[in-house]
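What follows is a set of notes on a single structure, which appears directly below.
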Amino acid sequence: MATLVGMLSGWMNELELEVSDSCLYEKLIRCALGVDSSDLRVSPTILGERHDPLSLGQVSNIHPSNLSLGHMTRAVCRGVLDNITSMMHPVFLLEAGVQRIKGSGSALSRNAVLRQEAERAFPLPVEYGQDVDSAVGVAIVLHDRM
């Protein structure tokens with residue numbers, strides 16, 4: 001999302017228009033909340049992945065009816081969750097006895113669309129920590145395993 005906002009902000013600057021990043025975030029999330037789902041597909045790995053640095057981002061299934069900011073934002077959020085579930089498949093979690101997902105970090109706390117997509121991606125209850133950094137989530141998992 002930060003890269004999407006940065007790209008839009010850069011385009012706005014090139015057009016000599018000024019909109020703050022926080023305003024862009026708010027507008028993008030509001031637009032995406034108006035789009036229940038999208039067939040636009042975004043693989044948001046534009047910086048690669050630790051396990052696959054050459055896996056760069058892609059946008060596919062583009063057509064005139066899904067080129068709105070709402071569709072793009074919804075697709076980016078869905079792509080983030082698709083990426084997470086590709087590394088930690090929900091079936092694996094169920095087989096391992098996981099009973100709930102604990103979401104933490106500012107990306108989730110500030111983005112209702114990302115929360116919706118997290119709840120769609122996992123067949124388990126998703127609970128959110130309030131004002132909790134994502135590192136806390138890792139600590140909780142490690143603590144439970146010790």
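The values are calculated or read from the model by the stated rules, or taken from the named source; none is laboratory data. The structure presented is a predicted model; accordingly, all values stated were derived computationally and were not measured. Cβ atoms come from the backbone with ideal geometry, glycine included; neighbour counts cover every protein chain shown. Side chains included, ligands, DNA and RNA excluded: accessible areas come from the protein's heavy atoms. Shrake-Rupley method; radii C 1.70, N 1.55, O 1.52, S 1.80 Å.
The table below gives the values:
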quantity	calculated
Top of P53, P64, P125 by mean-square fluctuation, Gaussian network on the chain, Cα under 10 Å	P64
Segment 91-96 - phi-based ³J(HN,Hα) in whole Hz, Karplus 6.51/-1.76/1.60, Gly and Pro as x	5, 4, 4, 4, 5, 7
Among G48, G70, G105: highest mean-square fluctuation, GNM of the chain, C-alpha pairs under 10 Å	G48
Percent carbon-and-sulfur accessible area, the chain, ignoring ligands, DNA and RNA, probe 1.4 Å	57
Gyration tensor (alpha-carbon) shape descriptor, segment 1-133, a/c threshold 1.5	prolate
Cα shape, segment 2-58, gyration tensor, a/c 1.5 rule	oblate
Candidates E117, E26, E49, ranked by Gaussian network fluctuation over the chain, Cα under 10 Å, top entry	E49
Centre separation in Å (Cα based) which lies between segment 44-120 and segment 1-33	20
With DNA, RNA and ligands ignored, accessible area of I84 (1.4 Å probe; Å², nearest 10)	70
Nearest-20 debye value, segment 1-43 charge dipole, Cβ charges on Lys, Arg, Asp, Glu	160
Within the chain: Cβ-based charge dipole about Cα centre, in debye rounded to nearest 20 (Lys, Arg +1; Asp, Glu -1)	320
Amide H contacts under 5 Å for K102, placed H, 5+ residues apart	E127
